[in-house]
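Trainee: Sending over a structure as structure tokens; questions will come in a sec.
The values are calculated or read from the model by the stated rules, or taken from the named source; none is laboratory data. Remember, predicted model here, so these are calculated numbers, not experimental data. All Cβ positions, glycine included, derive from the backbone under ideal geometry; neighbour counts span all protein chains shown.
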Amino acid sequence: MSDNPNAGLPAKAQVQFDCSGTAVGKMRNDLNVTMKQPFEEGPFELATDEGSFHGGDATAPPPLALFVAGLTGCIMTQLRAFAKRMDVSLTDLHVDTRVVWDWQAKDRVYETAPHSFEIDIRLQSDDAVEKVIDLVDAARKGCFLEQTLGCSNTINHRLKTADGWISI
């Protein structure tokens, strides 16, 4: 058994998740998520719903709650996984994440924009603070969601019509 946790993996790979959602109930969405690359995991069944503001029944977390939970869970996972790989002791970990969006009414709908992302990390380690800072820096670089948020992204939308798919 190798001491390298990356042994057997390619030097570079793409990580792909696919999600298929179905609208059920008033505002509920049943979601089926599967990791497709570099290996398959799942499917994972999740759901979102909205409260009364959007006419939902609040039977599941709203999508934004899952987004913030995903960001928090991602950095926590990387901190714990990389602590082992970097030989940093980690005896306790708590992360508090605050995400703020700006919201503005536009006629009968609204528009949003990200305002701030703040992640407070409280961890206990017997190692020097410099070693812990190196761990946090590595975890930030390894967190897929944090890296996504730090970049300008293009999101493509397609709509299925009777004549086929059209890009919007």
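Trainee: If I ask for residues that are surrounded by 10 or more Cβ atoms within 10 Å (Cβ to Cβ) and closer than 14 Å to Ser125 by Cβ, which ones from segment 88-102 would you list?
Mentor: Val88, Ser89, Leu90, Leu93, His94
Trainee: While we're on this one: From the list Thr97, Thr112, Thr91, pick out the single residue that is of a type in the set (Val, Ile, Thr) and closer than 30 Å to Asp3 by Cα.
Mentor: Thr91
Trainee: When the residues of segment 20-38 are narrowed to those that are under 21 Å from Phe53 (Cα atoms) and outside any strand (DSSP E or B), which ends up modelled with the lowest pLDDT?
Mentor: Checking each candidate, the answer is Gly25.
Trainee: Taking segment 109-139, which residues are surrounded by 15 or more Cβ atoms within 10 Å (Cβ to Cβ) and under 18 Å from Phe67 (Cβ atoms)?
Mentor: Listed by number, the residues that qualify are Phe117, Ile119.
Trainee: For segment 71-83, check the following and say yes or no: at least one residue is surrounded by fewer than 14 Cβ atoms within 10 Å (Cβ to Cβ) and in contact (Cβ under 8 Å) with a residue 24 or more places away in the chain.
Mentor: Checked segment 71-83: no residue is surrounded by fewer than 14 Cβ atoms within 10 Å (Cβ to Cβ) and in contact (Cβ under 8 Å) with a residue 24 or more places away in the chain.
Trainee: What are the pairs, 6+ residues apart or on separate chains, where a residue within segment 27-49 that is more than 19 Å from Ala69 (Cα to Cα) has its Cβ under 9 Å from a residue that is surrounded by 16 or more Cβ atoms within 10 Å (Cβ to Cβ) and of a type in the set (Asp, Glu)?
Mentor: Met27/Asp49; Met27/Glu50
Trainee: So in segment 141-157, with the set limited to residues that are of a type outside the set (Gly, Ala, Ser) and surrounded by 10 or more Cβ atoms within 10 Å (Cβ to Cβ), which one is farthest from the chain's Cα centre (by Cα)?
Mentor: Lys141
Trainee: Check Thr112, Thr59 and return the single one that is of a type in the set (Val, Ile, Thr), out of contact with any helix residue (DSSP H, G or I) (no Cβ under 7 Å at 6 or more places or on another chain) and part of a strand (DSSP E or B).
Mentor: So the residue among Thr112, Thr59 that is of a type in the set (Val, Ile, Thr), out of contact with any helix residue (DSSP H, G or I) (no Cβ under 7 Å at 6 or more places or on another chain) and part of a strand (DSSP E or B) is Thr112.
Trainee: Just the residues that are part of a helix (DSSP H, G or I) and of a type in the set (S, T, N, Q), please, taken from segment 70-105.
Mentor: Answer for segment 70-105, where residues must be part of a helix (DSSP H, G or I) and of a type in the set (S, T, N, Q): Thr72, Thr77, Gln78.
Trainee: A follow-up question, please. Report, ordered by the first and then the second residue, all pairs with beta carbons closer than 6 Å, sequence separation of six or more or different chains, a first member in segment 119-130 that is assigned by TED's automatic domain parsing to the domain that holds Asp92, and a second member that is in a strand (DSSP E or B) and exposed (fewer than 10 other Cβ atoms within 10 Å of the Cβ).
Mentor: Pairs found: Gln124/Asp92.
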